[in-house]
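Let me begin by presenting the structure, written as structure tokens, before commenting on it.
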Amino acid sequence: MLTNVPLMAVPLIVYNVVLAGLLGTTTGSPWDDQIWSVGMISGAEWVMTLGDLMITLGLVLLFFEILKATRIGVNSIVDHLLSTLIFVVFLVEFLLVDGAATAVFFILLVMSLIDVLAGFSVSIRSATRDVSLGGGSF
């Protein structure tokens, strides 16, 4: 049953925890806070912000969600419905909550939409392969 939990709920929960200030208070947007920086050979400095890390987490979880979409059965239907619910929560929060009107949240919203569309598309495509229409030869 735990495999039916949509992984895209993790970025939604983490975003809201950071938005609520439960990880500490910052001035301005917490998504612009620098996590680390690395000096490159070119002399430039590569900076990773909390927003960049959040998007990276979302992309990794989206990859696993698409892998989960290849499963067939009743559990996959439940997973698709829960993924759709997570997308609706993302959308409603983006439209109604001030702190969710950021580029980071919008990108996570789009990832959630891709999760829903990919899940249903993969399921429909795999279901059509299971259907054979009479008269086929071997």
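Starting from 0.36 nm per residue, how many nanometres of slack lie between VAL5 and VAL17 once their C-alpha separation is accounted for?
Stretched fully, the VAL5-VAL17 segment lengthens by 2.4 nm.
How high is the FRET efficiency from ILE107 to SER37, r the C-beta distance, R0 22 Å, rounded to 0.05?
My answer for the efficiency is 0.55.
Take each uninterrupted DSSP H stretch in the chain, measure its Cα extent along the helix axis, and return the ones at 20 Å or beyond whose mean Kyte-Doolittle hydropathy is at least 0.5.
TM-like helix candidates: 50-68, 74-96, 103-130.
Quick one: dipole size for the stretch 2-128, taken about the Cα centre, charges +1 on Lys/Arg Cβ and -1 on Asp/Glu Cβ, in debye to the nearest 20.
Dipole about the Cα centre, nearest 20: 520 debye.
Residue farthest toward the positive end of the dipole of the stretch 2-128, with Cβ of Lys/Arg at +1 and Asp/Glu at -1: which of LEU19, MET48, LEU67?
The one lying farthest along the dipole's positive direction is LEU67.
Looking only at GLY39, GLY28, GLY58, which one moves most when the chain is put into a Gaussian network model with springs between Cα atoms under 10 Å?
In this elastic network of the chain, the residue with the biggest mean-square fluctuation among GLY39, GLY28, GLY58 is GLY39.
Once the other residues with Cβ under 15 Å from the Cβ of ILE86 are scored (Lys, Arg +1; Asp, Glu -1), what is the net sum?
-3
Which of these, VAL60, VAL74, VAL122, has the largest mean-square fluctuation under a Gaussian network model of the chain (Cα springs below 10 Å)?
Looking only at VAL60, VAL74, VAL122, the largest GNM fluctuation is found for VAL74.
Please report VAL104, VAL110, VAL47 as a ranked list, fewest other C-beta atoms within 10 angstrom at the top and most at the bottom.
So the ranking, lowest neighbour count to highest, is VAL47, VAL110, VAL104.
Mean separation of Cα pairs under 8 Å and 6+ residues apart, divided by the residue count of the stretch 2-128: what relative contact order is that in percent?
30 percent
Name the most mobile residue of GLU65, GLU93, GLU45, meaning the one with the largest mean-square fluctuation, in a Gaussian network model of the chain with Cα contacts below 10 Å.
Per the Cα network of the chain with a 10 Å cutoff, GLU45 tops the list.
Here, each number is a calculation from the coordinates, and none is a lab measurement. This one's a predicted model, so the numbers in the text were calculated from it and none came from an experiment. Reconstructed Cβ throughout: ideal geometry from the backbone, glycine too, with neighbour counts over all protein chains shown.
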